[in-house]
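The values are calculated or read from the model by the stated rules, or taken from the named source; none is laboratory data. Small disclaimer: the values here were computed from a predicted structure and weren't measured. Here Cβ is always computed from backbone atoms with ideal geometry, including for glycine, and neighbour counts include all displayed protein chains.
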Amino acid sequence: MQPTRVTLEQNEIPTHWYNVVADMPNPPLPPLGPDGNPVSPEQMLAIFPGNLLEQEMSAERWIAIPEPVREILSLWRPTPLIRATRLEKVLGTPCKIFFKYEGVSPSGSHKTNTSVPQAYYNKQAGFSRLTTETGAGQWGSALSFAGQMFDMDIRIYMVKISYEQKPYRRSMMQTWGANVFPSPTDMTQAGRDALAKDPNNQGSLGLAISEAVEEAASRKDTNYSLGSVLNHVLLHQTIIGQEAKTQMAKIGEYPDMVFAPCGGGSNFAGIAFPFFADKAAGKKVRLVGVEPTSCPSMTKGVYRYDFGDVSGYTPLMKMYTLGHNFMPPGIHAGGLRYHGESPLVSQLYHEKLIEAVAVPQVATFAAGVMFAKAEGIIPAPESCHGIRAVIDEALRCKESGEPKTLLFCLSGHGHFDMASYDRYLSGKLEDFDYPQALVEEALKELPNIDWPPKAA
Ligand SMILES: *Cc1c(COP(=O)(O)O)cnc(C)c1O
């Protein structure tokens, strides 16, 4: 039998997170307030604990993972690295295709890799109450699980339309003891304002963020937690790539290219940054983020300071953005419907150290179905983006005859997304190319602020 699966022992869970900042050619640019000055840590302390802010601003290469966090991660980690030999055969490619499967976590995606340490650090800092927002429900369920592990009160503002359309994600969060509210609610000013304007408001991620941040900022005992984009979130995900490197080394392999779907950039950073360390040391490896053509932050957006939310509540971050007023088309990869890209991933992309491609929706589901038929696992619609790009590369190699080793992050399973698969299977899914004209339009709304400030 040809072995297809590389597993590790529990004691091979990484002991440290890898901080890419230490290997970046230029330091990251600071988050700014609306006045154009860097935001002080004191301002951030209103919603984040000091220990996580320290990680957010750290330039240390290695940051130790607390033992209680490793212990909980060991419920499902190390995750398997699998060689997709059946997919290789179906494609008739000379490539070797490997994937790191993050869908084995309790909530079914990579997001628990950061929800657990975020809950832990908040608890350590004396906060037992956390708010957050969730759209599709992946992040909300990951934080609910983590909150249950540390006996915390988790309060989730779930976009109303998803609350109604994805009842099982909601039940999952409630099973782990979280309180879930359909947003907009009448519990916050942001929610009440929205409801006053339109009592039938179906909610949006931007509005849910405003509600969650407002509650956290208005209570001393409550903090806010975010599932992607920020430096400390990307840091926590680097156990994915570290494990993958160890696993590939065990069978004498190393990837020529690494792929992952890109929403806010956390699972991409998770698998790619540990390989970036090698690249910074001179090794040849290509790192490719894959985004939807309907939400192409890197491939069509601009590199500018912009807000992280619709209402302009967050600090300004230098990132590839489609504009904070970006109205996401109703695509089925909910986790990729974000107007920006994390500042660290954005900076590396700007400096041409990583790559990005955009793929259309229908083709991603075709790739997901092909993968499910070959390998068994039904991927999350977000993950299908990475798979599409890998299949395209494997087919190019078939043409050229060049045998490459390809690695991708299978960020989650699609068991709660079968309604989207239904639409694909019944031919109702459509492609949408985000028009350049809308990008130009949104850019007019961006604050005219940069760092370092231009001389007057
Ligand atoms: C949230 C999510 C993503 C996108 O978020 P990133 O921060 O870019 O990783 C991708 N895949 C799955 C399964 C998700 O839940």
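General observations
- In the stretch 133-153, the residues that are within 12 Å of Leu205 (Cβ to Cβ) and part of a strand (DSSP E or B) reach residues that are more than 9 Å from the ligand (Cβ to nearest atom) and basic (Lys, Arg) with C-beta atoms within less than 9 angstrom, at least six apart or across chains, in these pairs: Thr134/Arg169.
- Filtered residues of the stretch 121-136 (kept if within 16 Å of the ligand (Cβ to nearest atom) and among the polar types (S, T, N, Q)): Thr132, Thr134
- Scope the stretch 372-389; condition part of a loop (DSSP other than H, G, I, E, B) and of a type outside the set (Gly, Ala, Ser); matching residues: Ile377, Ile378
- When the criteria are applied in full, Val21 meets the requirement of being farther than 21 Å from Lys123 by Cβ, surrounded by 13 or more Cβ atoms within 10 Å (Cβ to Cβ) and within 22 Å of the chain's Cα centre (by Cα).
- For Leu446, the requirement of being away from the ligand (no atom under 16 Å from the Cβ), in contact (Cβ under 8 Å) with a residue 60 or more places away in the chain, part of a strand (DSSP E or B) and aliphatic (A, V, I, L, M) is not met.
- Failed criterion for Val369 (all others in (1) part of a strand (DSSP E or B); (2) among the hydrophobic types (A, V, I, L, M, F, W, C); (3) surrounded by fewer than 24 Cβ atoms within 10 Å (Cβ to Cβ) hold): (1)
- The residues of the stretch 179-223 that are surrounded by 22 or more Cβ atoms within 10 Å (Cβ to Cβ), assigned to a loop (DSSP other than H, G, I, E, B) and free of Cβ contacts under 8 Å to residues at least 40 places away in the same chain, listed by number, are Pro184, Thr188.
- The combined condition, being at pLDDT below 95 and within 30 Å of Lys318 (Cα to Cα), is fulfilled by His339.
- From the list Ala389, Ala394, Ala419, the one residue that fits, being in contact with a Lys or Arg (Cβ under 9 Å, 6 or more places away or on another chain) and either under 28 Å from His339 (Cβ atoms) or within 14 Å of the ligand (Cβ to nearest atom) (or both), is Ala419.
- Within the stretch 265-283, the residues that satisfy the criterion of being within 16 Å of the ligand (Cβ to nearest atom) and either among the small types (Gly, Ala, Ser) or out of contact with any strand residue (DSSP E or B) (no Cβ under 8 Å at 6 or more places or on another chain) (or both) are Gly265, Ser266, Ala269, Gly270, Ala272.
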